[in-house]
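Heads up: the structure comes next, in structure tokens.
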Amino acid sequence: MLARHRQSLILQSVRNDGSARVSDLTQQLGVSDMTIRRDLEVLAKDGLVEKVHGGAVLPGSHAGHEPGFEDKLVLERPEKNTIARAAAALVRPNTAVAIASGTTTFALAQCLLDVPGLTIVTNSLRVAGLYGPPRGPEAGAVVLTGGMRTPSDALVGPVADLTIGSLHFDTLFLGCTGLDPEVGLSTPNLAEAETNRALINRARRVIVLEDLVDHANVGAIFRCAAALGVDAVLLSPRCADPLYRRSVKVSMGAVFAIPYARMTDWYDGLAALKSAGFLTLALTPDERATPITAALRDAGRVALLLGTEGDGLSGRWLDEADGTVRIPMNPAARAAGVDSLNVVAAAAIACHLLVN
């Protein structure tokens, strides 16, 4: 492909979406990141794009868009403190907790100062500065990722991403600038978005909801997932909206306490999970399935699939999953015709077993 043709495609991508990441462009165009960076340099010299960390945006769209940490610290303080206290209640002593940069996550870090035995993984200079030297035998450790500094005092870029990729943690708390039911989480800094993506990619225990249509059930499952320490929730394209007011009310706000994303492609959704290193396990009442405790023993990264009310998982996902698992039922109850649990009860039990 000629350079001018490639640059035209890059410019079209930036104009269509408002921004473009180097990592995405390398995959779309089949060239190295250095080639993309050279193309962006040419386009920037012509005034057609503005280079930013991790990619490019339309000219003039980036300047002044992200306020500094001190400016954001004074905004909505009561609300941030309320969120921080609710999130802190989900943290257990003697665990590894990842805290991304931001003023709300900074408030959370303040709430965790007296929790014993925590290991804090963070890309936030402000969060790391809270802890200082160890304050006693039960004090935890702080791992700072390294990287380039942003206006929000986050450390981002390849160094941060590589550090995060080598670590494991039990729980992740992530702040964001925007939240959309279709797009998910967003932030104005492309490099910070990449580092946040690296944090999310370290998740080891996720649940995947296929086509649940009842908003109350979705809210209840989010509550279970957040309370029991699941790392993230994935939704199929037709799943009910967790930000619908009924979902939010039933979850008691837990939809804001756990990362989630909506799949754009149901057909190849499981293939994407497998390529990310997840073992996909489909939960079913079928007696031929493996007991869930046996399937989870010594498992690495696991994505547990939960199906819609009544019909359960689709035939495609049952066939494509790496395995099927069941929650063993009492034989006497099964003989009496009680052969399954409703999706919320099953989710609560499965989330507990998934994490523990």
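The values are calculated or read from the model by the stated rules, or taken from the named source; none is laboratory data. Owing to the predicted nature of the structure, the values given are computational and were not obtained by experimental measurement. Heads up, the Cβs are rebuilt from the backbone with ideal geometry, glycines too, and the neighbour counts pull from every protein chain shown.
How many residues, within the stretch 233-248, are farther than 15 Å from Ala216 by Cα and of a type outside the set (A, V, I, L, M, F, W, C)?
3
Six or more apart or on different chains, Cβ atoms under 7 Å: show the pairs whose first residue is in the stretch 243-259 and assigned by TED's automatic domain parsing to the domain that holds Arg223 and whose second is surrounded by fewer than 19 Cβ atoms within 10 Å (Cβ to Cβ) and part of a loop (DSSP other than H, G, I, E, B).
Every condition considered, the pairs that remain are Leu243/Pro181; Ser247/Asp241; Val255/Leu243; Ala257/Leu90.
Within the stretch 16-27, can you find the residues that are without any contact (Cβ under 8 Å) to a residue 60 or more places away in the chain and either surrounded by 13 or more Cβ atoms within 10 Å (Cβ to Cβ) or part of a loop (DSSP other than H, G, I, E, B) (or both)?
Residues satisfying the conditions are Gly18, Ala20, Val22, Asp24, Leu25, Thr26.
Which one of Gly165, Gly157, Gly178 is surrounded by fewer than 19 Cβ atoms within 10 Å (Cβ to Cβ), at pLDDT below 85, among the small types (Gly, Ala, Ser) and farther than 24 Å from Leu279 by Cβ? Talk me through it step by step, then tell me what you get.
Numbers: Gly165 fails: farther than 24 Å from Leu279 by Cβ; Gly157 fails: surrounded by fewer than 19 Cβ atoms within 10 Å (Cβ to Cβ).
Residue meeting the stated conditions: Gly178.
Of the conditions (1) farther than 25 Å from Val121 by Cβ; (2) in the same structural domain as Phe169 (by TED's automatic domain parsing), Ala44 clears all except one; give me its number.
Ala44 satisfies every listed condition except (2).
Using the structure shown, decide if Gly219 is of a type in the set (Gly, Ala, Ser), under 18 Å from the mean Cα position of the chain (by Cα) and not in a strand (DSSP E or B).
yes
Scan (1) surrounded by fewer than 20 Cβ atoms within 10 Å (Cβ to Cβ); (2) under 26 Å from the mean Cα position of the chain (by Cα) for the single condition Ala294 breaks and write down its number.
(2)
Out of all the residues in the stretch 53-70, which are farther than 14 Å from Val14 by Cα and either touching a helix residue (DSSP H, G or I) at 6+ places or on another chain (Cβ under 7 Å) or modelled with pLDDT under 70 (or both)?
Within the stretch 53-70, His53, Ala63, Gly64, His65, Glu66, Pro67, Gly68, Phe69 qualify.
Surrounded by fewer than 17 Cβ atoms within 10 Å (Cβ to Cβ) and among the aromatic types (Phe, Trp, Tyr), is that true of Tyr260?
Considered against the rule, which asks whether it is surrounded by fewer than 17 Cβ atoms within 10 Å (Cβ to Cβ) and among the aromatic types (Phe, Trp, Tyr), Tyr260 comes out as no.
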